[in-house]
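Read the structure below first, then the notes.
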Amino acid sequence: MKRRSEAQERGVASFFADLREDTPRPRVCRGTACALAGATPAPGDRGAYCLGYCDRGPAQLNAEGHARGPDGAELPPSPAIRALGPALVTERVATGDCSGLEAARAAGVWRTLEQALARPAGDVLDAMIASGERGRGGAGFPTGRKWEACASATGAKVVIANGDEGDPGSFVDRVLLELDSHAVLEGLALCAFAVGAEDGIVYVRGEYPRAAERMERAVDEARATGWLGAGVAGSRFRFDVQVRRGHGSYVCGEETALLNTLEGLRGEVRLRPPYPTESGLDGRPTVVNNVETLVNVPWIVGRGPEAYKSLGTEASSGTKALCLARGFAQPGILEVPFGISLREVVEKHGGGGRDGRAIRALCLGGPMGSVSPPETWDVPVCYAAMRESGLELGHGGIVPVLEGNDPRALLHHWLGFFADESCGKCAPCALGSSRSLALLEAGAARAELEALLDVIAAGSLCAFGQRLPATVKTLLDGFGDGIFGVSA
Ligand SMILES: Cc1cc2nc3c(=O)[nH]c(=O)nc-3n(C[C@H](O)[C@H](O)[C@H](O)COP(=O)(O)O)c2cc1C
Ligand code: SF4
């Protein structure tokens, strides 16, 4: 790592919430699902956005890093997991714990890499381009095209699994990291083989200590058995992986902020271009992919792009693991082929609202997603179709807002999240986020808040400042009367 001045060291130490604490303390989850369930951190508890148990909260993390449920008992990794049709992402985690090498091998993990290594690397790249898979981290960028850009760049390359999963309401990456750790590594290794990288990193958020431990164990096992290292599986392919832990910052899930963090800098977003595929970690061509994106890769390469494209829609091939929060009658992970209607997900498979309560809206896709009222639910689950209808699927977390939930508390939650998590790089978001919260708390008129949100959306550097105002505005459109007493 490069030498840093004292000012830079202090800048980093003051940026990350975890580094400001001498000893870890218990933290109550204040993600959207837990907040709607009434979780409030006690004075002195800085809370956590979010711990990834949205189906079973309110959750808390004790000082030893164990997640506990409302009854105080340790929360096991797995939620209820179902699939409507082929389970590309959840097949193994639905049947148990495949985090250890023996269970992973018995379930067929690493076999696709072994077969792929016997063929040219270009075959893997071609399969990924032909599959049309879109990245699951939120933006929906085609995976094959990203890999192609990195493969054709010059320099020593690096590939990164983004296990930050910061969106409150999403928990599938936590489950995959904890229960299908070798599949994450196999997807990353296929990516490295395709683009010509020898170095890989799995970045795991600080709020997921069990996921980091299991990934560390999987890396050790894979190294000891020749699935990582020099001459992977007896081939000439060399690839090794490090696990790096985050320190408590939502924006570090944004790929360029993540790169800064890995370089020992403040987790601030970088200006683009250059894109990471051209100049990423330490200036090297870099692929950053979401964990769920990578777990799809062995399936796609193993069964072929045509099999993958036969699932889903023209614009969004394959399946999506949706995360249904505890406000549903049937919460958990639901893997669906793209194209199913949102209404079917909510009313049939989610079972409607918990305890028979009506669902007034859905918080879809986290802070950069949407607030979706019932009249929008006939849209198919598909990146393109949803975008055309003004909705964003994001990473696929769905938190229902139930009859009886306080819309003002929800607005306070989102504006508080905005103010707490802005990375501070650009003024519209850095200043506007805390000003928005102050306006709400001071009882300002709705029009004043909306005018400020418009400025933030227009002037911000990254999707956090550009998109969060839209989420807040759809909340105001749906519940403004209840929040402000007047509609404008
Ligand atoms: C504020 C912000 C936070 C993000 N957080 C995450 C995250 O936690 N996990 C993730 O995979 N992508 C996150 N992203 C998207 C990443 O920047 C990037 O697009 C993604 O990791 C690429 O992987 P994919 O192509 O497989 O989706 C975030 C983006 C923004 C703007
Ligand atoms: S919009 Fe917010 S999170 Fe994004 S770069 Fe600007 S300050 Fe950072």
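Summary of computed values
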read-out: Residue pairs meeting the criteria (Cβ under 8 Å; at least 6 apart or on separate chains; first farther than 16 Å from ASP477 by Cβ and part of a helix (DSSP H, G or I), in the range 440-456; second among the polar types (S, T, N, Q) and at pLDDT below 95); value: none
read-out: Of all residues making up the range 234-255, the number that are crowded, with 18+ Cβ neighbours inside 10 Å and small (Gly, Ala, Ser); value: 4
read-out: Residue that is surrounded by the most Cβ atoms within 10 Å (Cβ to Cβ), among those in the range 129-170 that are in contact with a strand residue (DSSP E or B) (Cβ under 8 Å, 6 or more places away or on another chain) and basic (Lys, Arg); value: ARG136
read-out: Filter result (among the polar types (S, T, N, Q) and over 22 Å from ALA183 (Cα atoms)) within the range 131-165; value: SER152, THR154
read-out: Residue match in the range 421-437 (condition: aliphatic (A, V, I, L, M) and within 16 Å of ligand 1 (Cβ to nearest atom)); value: yes
read-out: Matching helices (runs of 4 or more DSSP H) fully within the range 26-129 where at least 1 residues are in contact (Cβ under 8 Å) with a residue 60 or more places away in the chain and not assigned by TED's automatic domain parsing to the domain that holds GLY231; value: 32-36
read-out: Test: residue in the range 218-227 that is more than 16 Å from ligand 2 (Cβ to nearest atom), without any contact (Cβ under 8 Å) to a residue 40 or more places away in the chain, within 30 Å of LEU61 (Cα to Cα) and in the same structural domain as VAL287 (by TED's automatic domain parsing); value: yes
read-out: Hits in the range 422-439 - residues which are farther than 15 Å from VAL472 by Cα and in a helix (DSSP H, G or I); value: ALA427, PRO428, ALA430, LEU431
read-out: Count of the range 453-467 residues which are away from ligand 1 (no atom under 16 Å from the Cβ) and either surrounded by 19 or more Cβ atoms within 10 Å (Cβ to Cβ) or under 16 Å from PHE417 (Cα atoms) (or both); value: 1
read-out: Enumeration of residues in the range 364-402 that are assigned to a loop (DSSP other than H, G, I, E, B), closer than 20 Å to SER170 by Cβ and not acidic (Asp, Glu); value: GLY365, GLY369, TRP377, VAL379, VAL381, CYS382, LEU391, LEU393, GLY394, HIS395, GLY396
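The values are calculated or read from the model by the stated rules, or taken from the named source; none is laboratory data. Just so it is clear, the model here is predicted, and its values are computed rather than measured. When we count neighbours, we look across all protein chains shown, and the Cβ atoms used for this are built from the backbone with ideal geometry, even at glycine.
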